[in-house]
Structures are given as C-alpha cells and as structure tokens.
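J.: Got a structure here, written out as structure tokens. Questions coming.
The values are calculated or read from the model by the stated rules, or taken from the named source; none is laboratory data. Just so we're clear, the structure is a prediction, and the values are computed from it rather than from any experiment. Neighbour counts run over all protein chains shown; Cβ positions are idealised from the backbone, glycine included. Please note that ligands, DNA and RNA were not included when accessible areas were found on the heavy atoms of the full protein model with its side chains. Shrake-Rupley method; radii C 1.70, N 1.55, O 1.52, S 1.80 Å.
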Amino acid sequence: MAFESFNEFIAMGGHAPYVWAAWGVTGTLLVAVVLHARAERRQLLRNLQRRVRREDRQGANQGEMAGVSHQTGGDRHDT
C-alpha cells in the first residue's frame with residue numbers, strides 16, 4: 001500500500017492542499033457541466049414547444065385566410 005495510514009493518505013505526502021484542491025475543482029466543474037447541459041436541454045425543449053405551438057397557430061390562421069381567399073374568385077382562366 002502507498003500510505004501507512006488514512007491520515008498519511010489525506011496529507012498526500014505534504015501535497016494535500018494542491019491534490020485536494022485539484023480534485024475539488026475537477027468535481028465542481030463536472031457537476032457544473034452536467035447542470036449546464038440539463039438547463040440547456042430544458043431550454044431547448046421549451047423553445048421547441050413554443051415553436052410548435054406558434055406554427056400550429058399560424059397554420060390555423062393561414063387555413064382560415066385560405067378559405068377566405070378562395071371565395072373571392074382569384075385568378076380564373078377560362079379557355
């Protein structure tokens with residue numbers, strides 16, 4: 001075993017502040033990346049849902065407008 005006791009392991013041969021700070025920063029960054037990815041995913045899904053609702057509303061409005069434009073006669077070509 002590399003260390004004789006748990007206290008020696010924690011002390012890391014006198015390099016404990018550097019070693020544990022590096023582990024802490026790495027762990028914090030990994031957690032931050034996961035949380036950021038989840039937040040971006042939620043935002044993307046919300047934006048896509050809004051877009052689908054907006055396109056559905058626009059499609060319904062255009063469908064109503066199309067019904068009106070056909071009633072006006074439009075361009076008729078009699079041959």
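J.: Would you please list the contacts, defined by Cβ atoms under 6 Å and residues six or more apart or on different chains, that run from a residue in the range 16-44 that is of a type in the set (V, I, T) to a residue that is part of a helix (DSSP H, G or I)?
T.: Correct list of pairs: V19/M12.
J.: Within the range 13-63, track down each residue that is on the phi > 0 side of the Ramachandran plot and among the hydroxyl-bearing types (S, T, Y).
T.: Of everything in the range 13-63, nothing turns out to be on the phi > 0 side of the Ramachandran plot and among the hydroxyl-bearing types (S, T, Y).
J.: Now for a different question. Of the residues V33, V25, which single one is at pLDDT 95 or above, out of contact with any strand residue (DSSP E or B) (no Cβ under 8 Å at 6 or more places or on another chain) and open to solvent by less than 90 Å² (accessible area, probe 1.4 Å)?
T.: From the options V33, V25, the qualifying one is V25.
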